[in-house]
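Beneath this line is the structure, given in C-alpha cells, with notes to follow.
The values are calculated or read from the model by the stated rules, or taken from the named source; none is laboratory data. All of these numbers come straight from a predicted model, not from anything done at the bench. Using ideal geometry, Cβ is built from the backbone for each residue, glycine included, and neighbour counts are taken over all protein chains shown.
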Amino acid sequence: MLQAEIKSLLKEDISILIKVANSGKHYLCDCGEASLLTVKEIQTVSAVFISHTHIDHFANFDGIFRHQIGSGEKVVICGPKNIHHQVEARLKSYTWNLIDEKAIEYEIREIVSKEEINVYTIRPPHWNLELVKTQNFLFEDEYVNVDFAILDHKTDSIAYLFKEKDTVTFHENASDFKKGKWISELKTAFESNDADKEIEIEGILYKASELFHLLSRNEGYKLGVIMDHAVDEINYQKIKSVFINADLVYIETFYKDTDQEFAKINYHSFASASGKIMNDCKVKQAVPIHFSRRYTEDDQQEIETAFYKAFRN
Ligand SMILES: [Zn+2]
Ligand SMILES: [Zn+2]
C-alpha cells in the first residue's frame, strides 16, 4: 500500500511524501517549504520527483540534499527538461572541500518526452554531470512503477502516477493439493505468463495453465500527484490517459472558481475544473492541493466545497 502525506502547512509551498507501507522506502514529490518533513524522513527518500522548477516547487531542494549528503546512497531525481542543469547549479553553489566523492550519488532523469529519458549522474566534490544513457521509461524499483504525463503550465509540468506492483494471491481452499514449493513456481509462471511451464505436485506433472485458476491477480494501488497545469483540453487528454481509475490523486487547485481568470493568465487550475477532471478520470479519491498563498482558511474551504461538488457529481 502507498500512503501520501502533505508535508507543507497551508501558507507554505508544496511538498508531498509518499511512503511504501512496511518498508523504509520514501519518495518525495516537489521541494517546497515543508515544515512537517523530518530529517529522518529526508534520509530515507530514495527518489525525488520534481514537477517543474518554479521556485515554490524547488526552493527547498537545498534543505533536502543538506540531509542526504554523507549517506553514501544513490538518490534518483526525476524532473522536466533541463532539471540536470538546475540541480547542478544548486549543488555547485556551495563549497565542498571537506566532502569526499562517496558521500552521495545523484542520478538525474531528465524527462525530454514520454519515450526519451536522459539519465545523468553527478557526484561530489566537483559535481560534474555525466550522461550515462537514454532510456524509454522513467522509474521502477522493487515496489513501484512510475508513469507520468507532461502537462502544459507555460513550461513542462510533470504529473506522476505511482503504481504499486501487482500481487498474486494463491487460493488455498480451491484445491486439495498439499502446500509446497510448487506454489511459488506456479506464481512465477503466472507472473511471466508461462502457461506451458511444468509444475510438479505430489509426483505428478501439471501444465501451469491448468493450475492458474488457483491464483488471482490483485492490481497494485495507484497514487497520483498532479501539480501545476493549465485548464485545457490537451492537458486533460494526457491526464485521462495516465490517471484513469487511479485510487487516489492529489491535484493542483490553485484558485477559487471566482478567480478563474487568474488561473487562465497563469496556466493554473481552479476548484471546479480540478474536481471535474478527477471525476472524468473516475479516480476513487481526490484531494485538492497547492492553494494560492494569499488565500485564508475560508477561501480554502470554498475551494474544497466547489472541488468536491464537481468531483462527486
Ligand atoms: Zn508553477
Ligand atoms: Zn506552484
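The table below lists the values:
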quantity: Flag for Leu17 being closer than 26 Å to Glu219 by Cβ, within 16 Å of ligand 2 (Cβ to nearest atom) and either assigned to a loop (DSSP other than H, G, I, E, B) or of a type outside the set (S, T, N, Q) (or both); calculated: no
quantity: Lone qualifier among Thr155, Thr121 - being in contact with an Asp or Glu (Cβ under 6 Å, 6 or more places away or on another chain) and at pLDDT 95 or above; calculated: Thr121
quantity: Test: Ser157 is hydroxyl-bearing (Ser, Thr, Tyr), touching a residue at least 60 places away in the same chain (Cβ under 8 Å) and out of contact with any Gly (no Cβ under 6 Å at 6 or more places or on another chain); calculated: yes
quantity: Qualifying positions in the stretch 10-28 - of a type in the set (A, V, I, L, M, F, W, C) and either at pLDDT below 90 or out of contact with any Leu (no Cβ under 8 Å at 6 or more places or on another chain) (or both); calculated: Leu10, Ile14, Ala21
quantity: In the stretch 247-268, residue farthest from ligand 2 (Cβ to nearest atom) [restricted to those that are surrounded by 22 or more Cβ atoms within 10 Å (Cβ to Cβ) and under 12 Å from Ala286 (Cβ atoms)]; calculated: Val249
quantity: Residues located in the stretch 160-192, provided they are free of Cβ contacts under 8 Å to residues at least 24 places away in the same chain and either farther than 30 Å from Phe49 by Cβ or not assigned by TED's automatic domain parsing to the domain that holds Leu214 (or both); calculated: Glu172, Asn173, Asp176, Lys179, Gly180, Lys181, Trp182, Ile183, Ser184, Glu185, Thr188, Ala189
quantity: Residue under evaluation Ile77, criteria (1) within 16 Å of ligand 2 (Cβ to nearest atom); (2) among the hydrophobic types (A, V, I, L, M, F, W, C); (3) crowded, with 21+ Cβ neighbours inside 10 Å, criterion not met; calculated: (1)
quantity: Residues satisfying the stated conditions in the stretch 44-70, i.e. more than 16 Å from ligand 1 (Cβ to nearest atom) and exposed (fewer than 15 other Cβ atoms within 10 Å of the Cβ); calculated: Asp62, Arg66, Gly70
quantity: Answer residue from the stretch 250-288, given it is hydroxyl-bearing (Ser, Thr, Tyr) and touching a residue at least 60 places away in the same chain (Cβ under 8 Å) and is farthest from Gln3 (Cα to Cα) among those; calculated: Tyr267
quantity: Residue match in the stretch 272-288 (condition: under 19 Å from Asp30 (Cα atoms), at pLDDT 95 or above, away from ligand 1 (no atom under 16 Å from the Cβ) and outside the structural domain of Ala34 (by TED's automatic domain parsing)); calculated: yes
